[in-house]
1. If you take the residues in the stretch 8-60 that are basic (Lys, Arg) and part of a loop (DSSP other than H, G, I, E, B), which one is least open to solvent (accessible area, probe 1.4 Å)?
2. Being in a loop (DSSP other than H, G, I, E, B), at negative phi and modelled with pLDDT under 90 is true for just one of 69, 85. Which residue is that?
3. Identify the residue in the stretch 35-46 that is at pLDDT 90 or above and of a type outside the set (A, V, I, L, M, F, W, C) and, among all such residues, is farthest from the ligand (Cβ to nearest atom).
4. Before we move on, is residue 78 touching a helix residue (DSSP H, G or I) at 6+ places or on another chain (Cβ under 8 Å), more than 16 Å from residue 135 (Cα to Cα) and either touching a residue at least 12 places away in the same chain (Cβ under 8 Å) or within 13 Å of the ligand (Cβ to nearest atom) (or both)?
5. Just checking, which of 64, 91, 116, 123 is touching an Asp or Glu at 6+ places or on another chain (Cβ under 7 Å) and more than 9 Å from the ligand (Cβ to nearest atom)?
6. Quick one: which of 252, 257, 224, 218 is open to solvent by 90 Å² or more (accessible area, probe 1.4 Å) and of a type in the set (S, T, N, Q)?
7. Consider residue 64 carefully, then state whether it is part of a helix (DSSP H, G or I) and at pLDDT below 90.
Amino acid sequence: MTSLRPNEPIWQQIIQTRRLEGRPIILFDTIDSTNSRALALAGKGAESGTILIAQTQSKGRGRLGRSWQSPRGTGLYFSIITRPQLPPADLSKITLAVGLALRNGVAKACGIKALLKWPNDLLFEQKKLAGILTETNIDIEGKPTVVIGIGLNVNTPATAFPAELANHATSICIAADRYFDKGVVLTVILHEIEREIERLANNEFKGILDDWRTYDATYGKWLTWITPRGKKISGISLGPDEDGLLHIRDATGASHTILSGDLKINRKQ
Ligand code: BTN
């Protein structure tokens, strides 16, 4: 590592000014989960575009009821409140659009060429670098609020991951062997997210999907899908379709459409 501690002037500036290029920022030293708080604030009418950032989370949440480890000060843990002008059927596309934005943001800010695992994981050398938890609330008028929660391991040392994650998690600083200013990384990622959400609003999901497929970590690989009812189905990944749903083909040739559930990449291909 080139320096013993990360030098993060832009991150310090965001913390002190609580502003990021004019965007409303709510900063927490410690919070249970930025997503939980964002959903609560959204219910009270918080402005679209509000960003909640935490130095650490005591109950960071991941998909499928999992927890998200948030070692203090090392990673980016944030949630964005959005009120997209999209039909409810298109909301699942947001996770893919944000995944693409995250992948491109990390590549631009840090030079790390990560891959995407449907629906929401960013992988580097098969280890998890980041995850996205998108949660939706429909208000009494039927208008959706989408909270986009992102956990990205930026300056997280290997020693900060619990033993059970040691072989499954990584960080940008482990991958690049240097520290990064989290403020710079966050700024670049937010630009990319705004860009992709605008493409989505302009009916350009086809282009987003084409880009997403370029970085698909699992296309053509054998996966095991653990369905929401706990059944295991193995098949070759055919990638996401025009609605953003994943398809796999099992050994009998039958296709399965995946809306949710857990996916593991089989070790033996
Ligand atoms: C996953 O990989 O399953 C999604 C992880 C999402 C973690 C982020 S950290 C910020 C935001 N707040 C949360 O409680 N979760 C998301």
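1. The extreme case among them is 18.
2. Within the list 69, 85, the selection yields 85.
3. 37
4. no
5. Checking each option against the conditions leaves just 116.
6. The match here is 252.
7. yes
Conditions (1) over 14 Å from residue 98 (Cα atoms); (2) basic (Lys, Arg); (3) over 20 Å from the mean Cα position of the chain (by Cα), marked per residue:
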{"position": "202", "(1), (2), (3)": "yes, no, yes"}
{"position": "215", "(1), (2), (3)": "no, no, no"}
{"position": "220", "(1), (2), (3)": "yes, no, yes"}
{"position": "227", "(1), (2), (3)": "yes, no, yes"}
{"position": "231", "(1), (2), (3)": "yes, yes, yes"}
{"position": "234", "(1), (2), (3)": "yes, no, yes"}
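The values are calculated or read from the model by the stated rules, or taken from the named source; none is laboratory data. Nothing here was measured: the structure is a model prediction, and the numbers come from that model. Cβ coordinates were reconstructed from backbone atoms using ideal geometry, including for glycine residues, and neighbour counts include every protein chain displayed. Areas reflect the complete protein model, heavy atoms only, side chains present, ligands, DNA and RNA absent. Shrake-Rupley method; radii C 1.70, N 1.55, O 1.52, S 1.80 Å.
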